[in-house]
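Following: one structure in structure tokens, then a few remarks.
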């Protein structure tokens, strides 16, 4: 190997080492650091503009509607000399405790109308209408609602009602059934009258829940008529 060939790699390394400029490298680093805030701010602006261009979801109105039972409005004034009735809290079948209105699709299938709800618990609604109907029919002088009875108030009869069904049928039928019992007052109450009322000849349009609420109100009115007849005997 000649002397020139032995020194060629060493000369190449020396040239590469000499060509490196520490000041230039430092200037490159400083220029990148100076440009970084501007680049980040630009990216932030782009993201902000992109966010502004995305439409925000619009608030939608709640489609839920609420319904209550109503009285028929027909009848006479309460009878001042009529008997005083203590109406115990109305009992309802457990599946009727749900606030959504119910439409029965079959013997063992029901549908809950999630956007059509009772505005009050069904037991309170039935008790309210029943009390108003009994008074309006002149069958009683006063109806003491459950929870209002005190030791100083006397009554002649105690009325218990249990609602077994209160819904519409998918075929347009109205399904309302209630058993009731009228007992005498005193330390040893005795049954005076009882009944198993089933609404008949009532239909709703099968579509609008307001129609169903109106027909179930008629059913409760029919129950009140049956109890009133027993009170007048």
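Worth pointing out:
- Scan of the range 121-163 for residues that are farther than 22 Å from residue 193 by Cβ, surrounded by fewer than 16 Cβ atoms within 10 Å (Cβ to Cβ) and at pLDDT 95 or above, ordered by number: 121
Conditions tested, residue by residue: (1) in a strand (DSSP E or B); (2) under 32 Å from the mean Cα position of the chain (by Cα); (3) farther than 19 Å from residue 102 by Cβ; (4) in the same structural domain as residue 72 (by TED's automatic domain parsing).
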position: 130; (1), (2), (3), (4): no, yes, yes, yes
position: 143; (1), (2), (3), (4): yes, yes, yes, yes
position: 153; (1), (2), (3), (4): no, no, yes, yes
position: 167; (1), (2), (3), (4): yes, yes, no, yes
position: 175; (1), (2), (3), (4): yes, yes, no, yes
position: 188; (1), (2), (3), (4): no, no, yes, yes
position: 193; (1), (2), (3), (4): yes, no, yes, yes
position: 206; (1), (2), (3), (4): no, yes, no, yes
position: 219; (1), (2), (3), (4): no, yes, no, yes
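- Residue 190 fulfils the conditions (1) over 27 Å from residue 110 (Cα atoms); (2) in contact with a strand residue (DSSP E or B) (Cβ under 9 Å, 6 or more places away or on another chain); (3) in contact (Cβ under 8 Å) with a residue 12 or more places away in the chain except for a single criterion, (3).
- The condition of being closer than 30 Å to residue 106 by Cβ, modelled with pLDDT of 95 or more and assigned by TED's automatic domain parsing to the domain that holds residue 86 does not hold for residue 181.
Condition check ((1) touching a helix residue (DSSP H, G or I) at 6+ places or on another chain (Cβ under 6 Å); (2) closer than 26 Å to residue 216 by Cα; (3) at pLDDT 65 or above; (4) not assigned by TED's automatic domain parsing to the domain that holds residue 116) across all residues:
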residue: 62; (1), (2), (3), (4): no, yes, yes, yes
residue: 71; (1), (2), (3), (4): yes, yes, yes, no
residue: 74; (1), (2), (3), (4): no, yes, no, no
residue: 80; (1), (2), (3), (4): no, no, yes, no
residue: 83; (1), (2), (3), (4): no, no, yes, no
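The values are calculated or read from the model by the stated rules, or taken from the named source; none is laboratory data. Computed from a predicted model, the values in this text were never measured in an experiment. Backbone-built Cβ (ideal geometry, glycine too); neighbour counts: all protein chains shown.
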